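Report on the structure given below.
Since every read-out is calculated from the coordinates, none of them should be taken as a lab result. Predicted, not measured: the structure shown is a model, and the values here were computed from it. Positions of Cβ are backbone-derived with ideal geometry, glycine not excepted, and every protein chain shown enters the neighbour counts.
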Amino acid sequence: MSILKNIFPSIDQIPKQWKLDGFIEQREYLVNGELKIWDGPMNEVVSPVSLRNGNGIEKNIIGSTPLLTEKESLEALDAAVIAYNNGTGIWPTMSIIKRIAHVENFLLEMKKQRTAVVKLLMWEIGKNLPDSEKEFDRTCVYIEDTIKELKNLDHRNSKFENEEGIIAQIRRVPMGVALCMGPYNYPLNETFTTLIPALIMGNTVVFKPAKYGVLFIKPLLNVFKDCFPKGVINIIYGRGRETVGVLMETGKIDVFAFIGTNKGASDIKKLHPKPHRLRSVLGLDAKNPAIILPDADIDITVNEALAGSLSFNGQRCTALKIIFVHENIAGSFIQKFTTAVATLKCGMPWEEGVKITPLPEPGKTDYLTGLVNDAKQFGAFIINENGGIVNDTFFYPAVLYPVNEKMRVYTEEQFGPVVPIVPYKNMEDVVNYIVQSNFGQQLSIFGKDPKTIGHLIDELANQVGRININTQCQRGPDVYPFNGRKDSAEGTLSVADALRAFSIRILIATKDNAVNKEIVQTIVREHQSNYLRLDYIF
Ligand code: G3H
């Protein structure tokens, strides 16, 4: 009997607290401070959690969202453009302390929606309960840290410089209108790590939710509407090609914040008629390798490689997507690794201890099966029991060994529960793989010898944005810089860097003489400017 035969629940097996209250028809979208009701075509939201009935497995349609057209999309942009008003609008000129108050209020109200958001994350993207809760809580902490960091930034800038007879104060001001788009794997967290910095720095925003993970915005729509002045945040739904391309073509987008594929980002970016006016903040594809040295501690390595490759079914941009293991240690590593994979509990997102859950992308299990078959054709084996078994949207993790350069999985980002393991003899081959790769986000080195690890760090430091030692790849802690080289990213995100990414410096300068000093001092003393000032935000 297949391990996945009874994986999906029947309707009465769903715990009461996680049951949805019927079909969620979400027709509202937010433009210019108003929740408008869409009466046109809708997009079905299909849950990865299929349902079992007497006849087998049935597709589970849990709701629908608007398929807006160019017209509504452009209305949203107009609202953002008017609210920004060439930098003279209420929001971009508002004092930092007041903008912070708006965001604090938003956070307070957002926290009240935790259960509703967490429940929808589980149903829409199949993320397990602890990870869905973590995504929500981490986002709240990120917002709190952003507020703290903005205060620090303001404190650091609340001073005058005096160089070569020029007195100056340097502050950071918004860029303009930002288009923010997040990914389906972290539809709340990764979207808000651009959306909130964009807003708090005084930009106005058009936000389009990810492809999957859309309904969970519903409980937050009113919160957005009530916590920000009209036009500051506009939320649209629909297909990218109908709603986003047209925005970019207007040339009125100043910042493009996008987490997704590099192809998607390039297609949208190149539509902007004045490329130098567009700043891009992009988190893109990755194929992060683990390098296991012959002296690696097997237990530590197995634990980290397991979490690194299979947390949230491998659907993390930072996931370990290829494992290079030295041939001397390959036997013991794969034996312990496959044993560890077998302990991962499969099930529905709300089940206690569940690690492997159904996949939200339509056609994903077929794609992964194709990758596995391709690898088998070139000499790889599925080395774990049940590996690659499929039931509807569920794919049991497949560990492939030995993987080589002829296989698609060697270079393609699988973004799912397939773990390719490549045995190596010469480190040169591994280094060469990394140098030649189109991606350059992170890598992990597992080993004990400081000399070998130190040497490897020096060889690879110019290839990726982060090197992890005996530790899986990851984005956090969020105060650390998160970036990538080549096709993996554009710009750097961290709590502090994001504030910089969505702002530009303004210098207010004057020649150092008695008249100018008196003018500046009077402006400061009498609080005549929101920019030229010396006050302290507590
Ligand atoms: O999908 C990419 C995420 O930024 C990864 O974040 O490493 O904390 O899971 P994480």
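Rounded to two decimals, the Cα radius of gyration of segment 218-352 over 2.2 N^0.38 Å is 1.55.
Across segment 250-262, computed HN-Hα scalar couplings (Karplus, 6.51 cos²θ - 1.76 cosθ + 1.60, θ = phi - 60°) run 5, x, 9, 8, 9, 10, 10, 9, 9, 10, x, 8, 5 Hz from first to last residue, x flagging Gly and Pro.
Pairs of Cα atoms nearer than 8 Å and 6+ residues apart set the relative contact order; for the chain it is 18 percent. Shape descriptor for segment 229-299: Rg over Rh equals 1.24 (Cα atoms; Rh from the Kirkwood inverse mean 1/r). 3J(HN,Hα) couplings calculated from phi for segment 380-397 with the Karplus curve 6.51 cos²θ - 1.76 cosθ + 1.60 (θ = phi - 60°) are, in sequence order, 8, 10, 7, 9, 10, 4, 6, x, x, 5, 10, 9, 6, 8, 9, 10, 6, x Hz; Gly and Pro show x. Taking the longest Cα principal axis of the chain as reference, the axis of helix 70-84 is set at about 40 degrees.
Restricting attention to the chain, close to 45% of DSSP beta bridges with both partner residues there are antiparallel. Here the translational diffusion coefficient of segment 165-298 follows from Stokes-Einstein with Rh set to the Kirkwood radius across Cα pairs; for 4 °C and 1.567 mPa s it amounts to 78 µm²/s. Annotation: lysines with alpha-carbon distance below 19 angstrom to LYS274 (same-chain offsets under eight excluded): LYS252. Of interest is the spacing of the C-alpha centroids, which for segment 476-508 and segment 349-383 amounts to 33 Å.
Of the peptides 303-315, 194-206, the ranking by mean beta-carbon count within 10 Å, highest at the top, reads 194-206, 303-315. Across segment 153-228, the fraction of Cα-Cα pairs farther apart than 16 Å, rounded to a whole number, is 61%. By the helix-only formula, in which each DSSP H run with n ≥ 4 contributes -39500 (n - 2.57) and the sum is divided by residues, the chain has a 222 nm mean residue ellipticity of -11500 deg cm²/dmol. Sorting 112-121, 181-190, 232-241 by their mean Cβ neighbour count within 10 Å, with the most densely packed peptide first, gives 181-190, 232-241, 112-121. Using the Cβ atoms and a cut-off under 11 Å, what net charge is assigned to the surroundings of VAL232, where Lys and Arg are +1 and Asp and Glu are -1? Around VAL232, the charge tally is +3. For segment 68-283, relative contact order (Cα pairs under 8 Å, six or more residues apart, normalised by length) works out to 29 percent.
Distance from the Cα centroid of segment 388-451 to that of segment 123-176 is 35 Å (rounded to whole angstrom). Taking GluC sites (Glu not before Pro) across segment 463-538, the ones in a DSSP loop with at most 16 further Cβ atoms lying within 10 angstrom of their Cβ are GLU526.
Comparing segment 68-283 with the 2.2 N^0.38 Å rule of thumb, its C-alpha radius of gyration ratio is 1.04 (two decimals).
In segment 303-462, the convex hull through the Cα atoms has an average projected area of 9.6 nm², a quarter of its surface area. Taking a quarter of the surface of the Cα convex hull of the chain gives a mean projected area of 27.4 nm². Computed from backbone phi, the HN-Hα couplings of segment 499-507 come to 5, 6, 4, 9, 8, 9, 7, 10, 10 Hz, rounded to whole numbers (Karplus: 6.51 cos²θ - 1.76 cosθ + 1.60, θ = phi - 60°; Gly and Pro given as x). Per-residue packing, averaged as other Cβ atoms within 10 Å, sorts the ranges 125-131, 63-69 into the order 125-131, 63-69, beginning with the highest.
Net charge around TRP123, counting only other residues with Cβ within less than 13 Å of its Cβ (Lys, Arg = +1; Asp, Glu = -1)? It works out to a net charge of +2. Placing a label point 7 Å from the Cα of ILE504 along the Cα-to-Cβ direction, the residues of segment 218-256 whose backbone N falls under 16 Å of that point are 251-256. Relative contact order for segment 288-481: 28 percent, from Cα pairs under 8 Å spaced at least 6 residues apart, divided by residue count. Among residues other than ASP392 with Cβ under 12 Å from its Cβ, the summed charge is +2 (Lys and Arg +1, Asp and Glu -1).
For segment 288-481, the tally of Lys pairs with Cα-Cα distances below 22 Å comes to 22, considering only residues 8 or more apart or on different chains. Relative to the longest principal axis of the Cα atoms of the chain, the long axis of helix 364-377 lies at roughly 50 degrees.
Relative to the longest principal axis of the Cα atoms of the chain, helix 114-125 runs at roughly 50 degrees.
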